[in-house]
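Engineer: Below is the structure I would like to discuss, written out as structure tokens.
The values are calculated or read from the model by the stated rules, or taken from the named source; none is laboratory data. Here the structure is a predicted model, which means the values were calculated and not measured. Quick reminder, even Gly has a Cβ in these numbers, built from the backbone with ideal geometry, and neighbours come from all protein chains shown. Ligands, DNA and RNA are stripped out before the accessible areas are found, and what is left, the full protein with its side chains, is counted by its heavy atoms. Shrake-Rupley method; radii C 1.70, N 1.55, O 1.52, S 1.80 Å.
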Amino acid sequence: MSANKESWGSRVGLILAMAGNAVGLGNFLRFPVQAVQNGGGAFIIPYLICFLVMGIPLLWIEWSMGRFGGKHGHHSTPFIVDTMGKNRLWKYVGVFGIWTNIAVAAYYCYIESWTLSYVFHSVIGTFSGLDQEGVASFFGEYVSLGTSTLGVPYEPIVFYVICLLLNTWILSQGLASGVERVAKIGMPMLIIFGLFLAFRGVTLTAGENGAINDSSVGLNFLWTPNFDRLWSPTVWLAAAGQIFFTLSVGMGTVHCYASYVRGNDDIALNAMSAGWMNEFVEVVLGASILIPISIGYLGVDRVSEMVQSGGLGLAFQTLPYLFYQWGDLLGALSGVMWFGLLFFAGITSSLAMGTPWIGFLQDEFNWGRKSAAWSFGLFVFLLGMPTVLFFKYGVFDEYDYWAGTVSLVVFALFETILFSWVFGIRKGWREITSGSDIKVPNFYKFIIKFITPLLLLWVFLGSLFTPKGGDWGAAMIGPWVLDNSSIINKIKNVDLKEKLAAATDPAAIQLLENQIFFVNASRILLLAVWVALALLVYTAYKKRVREGRLN
Amino acid sequence: MNTSALIVMLTTITLVTGLMIFFFIKVMTTPPRPEPDSYLDNDDEPEHREPNK
């Protein structure tokens, strides 16, 4: 018998935990940047359409798969998917639902530890009096494990360990007493902090506190629709990708949380409530902070240039400086709120990443909650240290690409096919609607069976064969030249090799050679972890056979 | 703000906030199911009261 007898404390707690799982750093850092780069206000049209035809169906699929698996005593994806398809290989597809979480947690907890550290530095006033270059160089020193302003050797590692210990301890307290309790505190705090900063973001006035633009300039920049961009497949691909990553689907965490819901209880309304809560945080709060405040102080041209490298730079290297334009007290307070909300967004997601591994060990090997939680902490620490120590060689980005991007699409594609075509849409629909507190529109049966898998296939193929510069029109009529961001060119390290061929400085050549080594080493490590987990699943399967516990 | 940006922003914010509130209120106002349900609050089952034991 499984040692896993846990339950959620309350329905609201479950919804907040699910919303917390979905709400992550990307809501505040990725969404506004994607919107700016992909048609401004017009981005919201493909974004919401993708939410309706891909996001909501995937939420329903994963919630119902989880609840279905839970009825059979499974709380992690290998054996949840195993119960839905006759082919015994399905459980190895389910390995992605554990592997992704461990690999993502390894680097995600590192960013989470930055937010914890920046909360601390905001409180003690480290950024007070620093100019923008000073704040940027603080970040550079921090991630390269340079000199600590606190005098603590290897400060980032200390914060990383503290962050992991905190996650592990909360996980060891159980579902209701740990994960749910944090969600019940973290989500309201996140929304309160977000509302405060959003209010500041949309009420900036040029000439006050050093602002050079009204907030309307930033909001225009973000929301002015460029409808011509709607014809670009790149924009639709970006919208589909954003919906995908923001909902934390394709990871196995939703399945795991939902596996603790009983068969007669609602999942359709719960999924909608958690899903729309995530959208509120992303579209309403996420869009009102980073871009309007940055443009208010730095101007459109500078921010346009900075967003090319993503939102992390703005968040950690620029905002702490900009907050201090509001005065020392408000600057420190805003820093605490900004990094505090990022921390809550991060920890509610990283806790979710721990639960599939814990559920797996409890179900299959009768581990207790506490020992399973501590084993997760140790596993993540060992796998995460390369991202900390070799950050400048691209190990962090490599984990993010394979575990945090490609793997999600692959697993979601497989699970959708399994649910709609192997398990069958008739049985699947019954699972979605069973116990439902809302009327699920019937046309979703068609969407789940045809539209969602096709859209996912398109996202996957679009990432595999991305044409150069995202120019699909040119690729269709001429030779199909792959972009360096395509999966195929990523595997071949084309970008790094081109840079190496063009480099003349011996130091730059050495750095690039090191990067290629570390990138390849990261892939081998991630692959080895996947194989080890697959072997563990095989061992669990053999154990089930011996004990006569096969479904 | 320019008119088109304002229209897109307000429409989106109203829609997203409205639906978030609607579904959350729906959850809050739906009567709980008879026990045993999935949740520990008001639970009669002793084994569910102490989930970590």
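Engineer: Which net charge results for the neighbourhood of residue A:148, defined as the other residues with beta-carbon distances under 9 angstrom from its beta-carbon, given Lys and Arg at +1 and Asp and Glu at -1? Write down the numbers at each step before the final one.
Structural biologist: Values: positive: none; negative: A:141, A:155.
Its environment carries a net charge of -2.
Engineer: Could you sort the peptides A:466-475, A:332-341, A:156-165 by per-residue average Cβ neighbour count (10 Å cutoff), highest mean leading?
Structural biologist: On the way: A:466-475: 16.7, A:332-341: 23.8, A:156-165: 19.3.
With the highest mean Cβ count within 10 Å placed first, the list reads A:332-341, A:156-165, A:466-475.
Engineer: Aspartates and glutamates within cross-link reach of residue A:439: Cα-Cα under 12 Å, excluding same-chain residues under 8 positions apart?
Structural biologist: A:266
Engineer: What average count of beta carbons from other chains do you get within 10 Å of the Cβ of residues in A:216-225?
Structural biologist: 5
Engineer: What's the magnitude of the charge dipole for the stretch A:1-97 around its Cα centre, counting Lys and Arg as +1 and Asp and Glu as -1 at the beta-carbon? Answer in Debye, nearest 20.
Structural biologist: On the way: 8 positive and 3 negative charges, 55 e Å.
Once rounded to the nearest 20, the dipole reads 260 debye.
Engineer: Also, quick follow-up: Hey, what D do you get for the stretch A:48-123 in µm²/s if you plug the Kirkwood alpha-carbon radius into Stokes-Einstein at 25 °C and 0.890 mPa s?
Structural biologist: On the way: Rh = 14.9 Å.
Taking Rh from Cα pairs, D becomes 165 µm²/s.
Engineer: Return the subset of A:5/A:370; A:91/A:490; A:392/A:492; A:91/A:370; A:449/A:490; A:91/A:492 for which the Cα-Cα distance in this structure is over 22 Å, preserving the input order.
Structural biologist: Numbers: A:5/A:370 14 Å; A:91/A:490 28 Å; A:392/A:492 20 Å; A:91/A:370 25 Å; A:449/A:490 31 Å; A:91/A:492 29 Å.
With Cα atoms farther than 22 Å apart: A:91/A:490; A:91/A:370; A:449/A:490; A:91/A:492.
Engineer: Looking at the P(r) of the stretch A:339-417, how many percent of alpha-carbon pairs lie beyond 17 Å? Walk me through the intermediate numbers first.
Structural biologist: Numbers: 1956 of 3081 pairs.
Percent of Cα pairs beyond 17 Å in the stretch A:339-417: 63.
Engineer: Percent of accessible area on the protein assembly as shown owned by carbon and sulfur, 1.4 Å probe?
Structural biologist: Working: 15160 of 22910 Å².
Accessible surface attributable to carbon and sulfur in the protein assembly as shown totals 66 percent.
Engineer: Using every pair of alpha-carbon atoms in the stretch A:220-324, split the distances into 10 Å bins beginning at 0 and state the percent of pairs per bin, rounded to integers.
Structural biologist: 11, 32, 31, 18, 7, 1
Engineer: Still on this model: Work out how far the C-alpha atoms of chain A reach from end to end along every principal axis, then list the three figures in whole Å, largest first.
Structural biologist: Principal extents (Cα only, largest first): 70, 57, 52 Å.
Engineer: Which aspartates and glutamates have a Cα less than 15 Å from the Cα of residue A:427, not counting those fewer than 8 places away in the same chain?
Structural biologist: In chain and number order, the partners are A:62, A:415.
Engineer: How many times 2.2 N^0.38 Å is the alpha carbon radius of gyration of the stretch A:405-551?
Structural biologist: 1.51
Engineer: Given Cβ point charges of +1 (Lys, Arg) and -1 (Asp, Glu) and nothing else, what value in debye, to the nearest 20, does the dipole of the stretch A:216-336 about its Cα centre take? Write out the running numbers ahead of the final one.
Structural biologist: On the way: 3 positive and 8 negative charges, 18 e Å.
So the dipole magnitude of the stretch A:216-336 works out to roughly 80 debye.
Engineer: Here is a further query. Within the stretch A:31-68, whose backbone N sits under 19 Å from a point 7 Å along Cα→Cβ of residue A:485?
Structural biologist: Flagged as within label range: A:31-48, A:50.
Engineer: Sort the following peptides by mean Cβ neighbour count (other Cβ atoms within 10 Å, averaged over residues), highest first: B:22-29, A:259-266. If you can, show how the numbers build up before the last one.
Structural biologist: Details: B:22-29: 14.8, A:259-266: 20.5.
In descending order of packing, they fall as A:259-266, B:22-29.
Engineer: I need the semi-axes of the equivalent ellipsoid of the stretch A:446-491: take the C-alpha gyration tensor, multiply each eigenvalue by 5, square-root it, list largest first in whole angstrom. Can you show the working numbers first?
Structural biologist: On the way: eigenvalues 114, 34, 8 Å².
Each semi-axis is the square root of five times an eigenvalue, giving 24, 13, 6 Å.
Engineer: Ratio of alpha-carbon Rg to the 2.2 N^0.38 Å globular estimate for the stretch A:397-464, to two decimals, please.
Structural biologist: That ratio works out to 1.31.
Engineer: Still on this model: If the viscosity is 1.002 mPa s and the temperature 20 °C, what translational diffusion coefficient in µm²/s does Stokes-Einstein give for the stretch A:92-132 when Rh comes from Kirkwood over Cα pairs? Don't skip to the end; give the middle numbers.
Structural biologist: Numbers: Rh = 12.5 Å.
Value of D from the Cα-based Kirkwood radius: 171 µm²/s.
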